[in-house]
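Every number here is computed from the coordinates shown, using simple stated rules; none is lab data. The model shown is predicted, which means the values in this text are computed figures rather than measured ones. Using ideal geometry, Cβ is built from the backbone for each residue, glycine included, and neighbour counts are taken over all protein chains shown.
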Amino acid sequence: MRAVVCAVVLFTVVGCVASTSKGVQTAQAQTTAGPADGEKLFERRCGGCHSLDKDKEGPRLRGVYGRKAGSVPGFDYSASLKSSAVVWDGPTLDTWLTDTDSLVKGNNMEFSVRSKEEREAIITFLKSAAGR
Ligand code: HEC
């Protein structure tokens, strides 16, 4: 019985080490590992309402990093976002994705991302999509 438990534990440990080193290799192979994760998260979390180059329920987001809030021509923003003085950068995007109302009260985006890691990955992706 003890031997079986040991074998299972050993197998799990070996399995873990093997998959961890595989993860590291993958991350090293693609230098864009961060943005790649962010891209997937962006598609999964934001893609229902946003795309990089097309306005949907939300405005197109390529170049949003560094852009003044509410400034995509022709997009029907809330009055509050349009008239805000926010410029999108790391800290403003992080606050927005944590709780949009805490940054701009009365905006039209009802969505948030709980995980700090996910917010960071998405922001890194938006930054790289803006060529920054
Ligand atoms: C349920 C739909 C929906 C989802 C999901 C959503 N958004 Fe939005 N987003 C909107 C809407 C609508 C606006 C416009 C808000 C306004 O006019 O007040 C907006 C606006 C924005 C803006 C401001 C853009 C500008 O031009 O000023 C940013 C940045 C943004 N969203 C990022 C994101 C990110 C990143 C995600 C995913 C983590 C996301 N949004 C998910 C609907 C959504």
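What to note about this one:
- Gain on full stretching of the segment that runs from ALA85 to VAL72 - 0.36 nm per residue minus C-alpha separation: 3.2 nm
- Neighbourhood net charge (12 Å Cβ-Cβ; Lys/Arg +1, Asp/Glu -1) for LEU41: -2
- Radius 10 Å from Cβ of ILE123, net charge of other residues (Lys, Arg +1; Asp, Glu -1): -2
- Between GLU117 and ARG132, the modelled label-to-label distance comes to 2.5 nm, taking each label 7 Å out from Cα in the direction of the beta carbon.
- Cross-link table LYS54/LYS127; LYS54/LYS82; LYS40/LYS116; LYS40/LYS127; LYS40/LYS82; LYS82/LYS105, entries beyond 21 Å C-alpha to C-alpha: LYS40/LYS82
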